[in-house]
1. Looking at Leu105, Leu152, Leu157, can you tell me which residue is assigned to a strand (DSSP E or B), open to solvent by less than 50 Å² (accessible area, probe 1.4 Å) and aliphatic (A, V, I, L, M)?
2. Restricting to the stretch 73-108, count the residues that are without any contact (Cβ under 8 Å) to a residue 24 or more places away in the chain and β-branched (Val, Ile, Thr).
3. Taking the residues in the stretch 88-127 that are of a type in the set (S, T, N, Q) and modelled with pLDDT of 95 or more as candidates, determine which candidate is farthest from the chain's Cα centre (by Cα).
4. State whether one or more residues within the stretch 74-81 are acidic (Asp, Glu) and open to solvent by less than 70 Å² (accessible area, probe 1.4 Å).
5. Identify the single condition in (1) modelled with pLDDT of 85 or more; (2) farther than 21 Å from Ala127 by Cβ that Ile1 does not satisfy, given that it satisfies every other one.
6. Considering (1) open to solvent by less than 50 Å² (accessible area, probe 1.4 Å); (2) at pLDDT below 95, say which one Asn131 fails and leave the rest.
7. Of the conditions (1) at pLDDT 90 or above; (2) open to solvent by less than 60 Å² (accessible area, probe 1.4 Å); (3) part of a loop (DSSP other than H, G, I, E, B); (4) not β-branched (Val, Ile, Thr), Gly179 fails just one. Which one is it?
8. Quick one: which of Glu146, Glu122, Glu100 is touching a helix residue (DSSP H, G or I) at 6+ places or on another chain (Cβ under 9 Å), surrounded by fewer than 20 Cβ atoms within 10 Å (Cβ to Cβ), of a type in the set (Asp, Glu) and part of a loop (DSSP other than H, G, I, E, B)?
Amino acid sequence: IGDSGVGKSCILERFEKGSFRVNHVPTIAIDFSFKMLKVKDQMVKMQVWDTAGQERFNTLTASFFKATHGILLTFSLTDKNSFANTSKWLQQIRANAPKEAAIILVGNKKDLEAERQVPREEAEVFAQQFNVSYFETSACTGEGIEEAFLFLGEQALTCIEGNTSKLAQNDLLEPNSSGSKTKCC
């Protein structure tokens with residue numbers, strides 16, 4: 001999630017296919033992709049949703065937070081406004097995503113150092129204030145992409161494992177109308 005033009009789709013393409021396109025068409029509404037990733041010595045199928053950053057899609061985007069296990073909150077290191085808007089996105093995440101969902105802050109376009117508008121220290125302070133991890137990436141060169149997704153995968157898997165054990169411990173399974181058991185969340 002993040003503002004339009006920060007490189008969300010390019011990050012996903014770099015992660016999924018290992019490639020980068022200079023001329024990228026903005027995402028309309030939502031796009032998604034799958035990739036197998038080894039996380040904590042097990043293969044995990046990551047389903048990654050790429051959201052549109054345009055304001056007109058905010059209500060649609062918010063609905064996709066409901067069942068998420070992890071979120072990459074992305075801004076451009078070359079766009080101070082996109083960084084300022086991370087507070088707004090974080091509010092939307094906290095209002096709509098499960099409280100256990102892993103959130104990491106990603107400053108993209110690290111390869112454009114000469115155009116940098118957001119100092120690393122400022123982003124790190126913001127991340128600490130909101131108790132999220134911070135990564136700097138470049139979808140163009142691939143720097144930091146795999147590390148960010150691997151970390152997010154580890155955090156999400158920990159969240160899932162924690163919820164599974166809570167369900168088992170608390171026996172939060174309730175019969176539905178058909179008599180079979182379903183999860184409560």
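The values are calculated or read from the model by the stated rules, or taken from the named source; none is laboratory data. It should be emphasised that the depicted structure is a prediction, and the values quoted were computed from it without experimental measurement. No Cβ is skipped: glycine too gets one built from the backbone with ideal geometry, and neighbour counts run over all protein chains shown. Protein only, heavy atoms only, side chains kept; ligands, DNA and RNA dropped before computing areas. Shrake-Rupley method; radii C 1.70, N 1.55, O 1.52, S 1.80 Å.
1. Just a single option satisfies the conditions, and that option is Leu105.
2. 0
3. So the first thing to find is which residues in the stretch 88-127 are of a type in the set (S, T, N, Q), and the list is 91-92, 96, 108, 117.
Now drop any that are not modelled with pLDDT of 95 or more, which leaves 108, 117.
Working: Asn108: 13, Gln117: 22 Å.
Checked the stretch 88-127; the qualifying residue farthest from the chain's Cα centre (by Cα) is Gln117.
4. Yes: one or more hits.
5. (2)
6. The failed condition is (1).
7. Of everything listed in (1) at pLDDT 90 or above; (2) open to solvent by less than 60 Å² (accessible area, probe 1.4 Å); (3) part of a loop (DSSP other than H, G, I, E, B); (4) not β-branched (Val, Ile, Thr), Gly179 misses just condition (1).
8. Glu100
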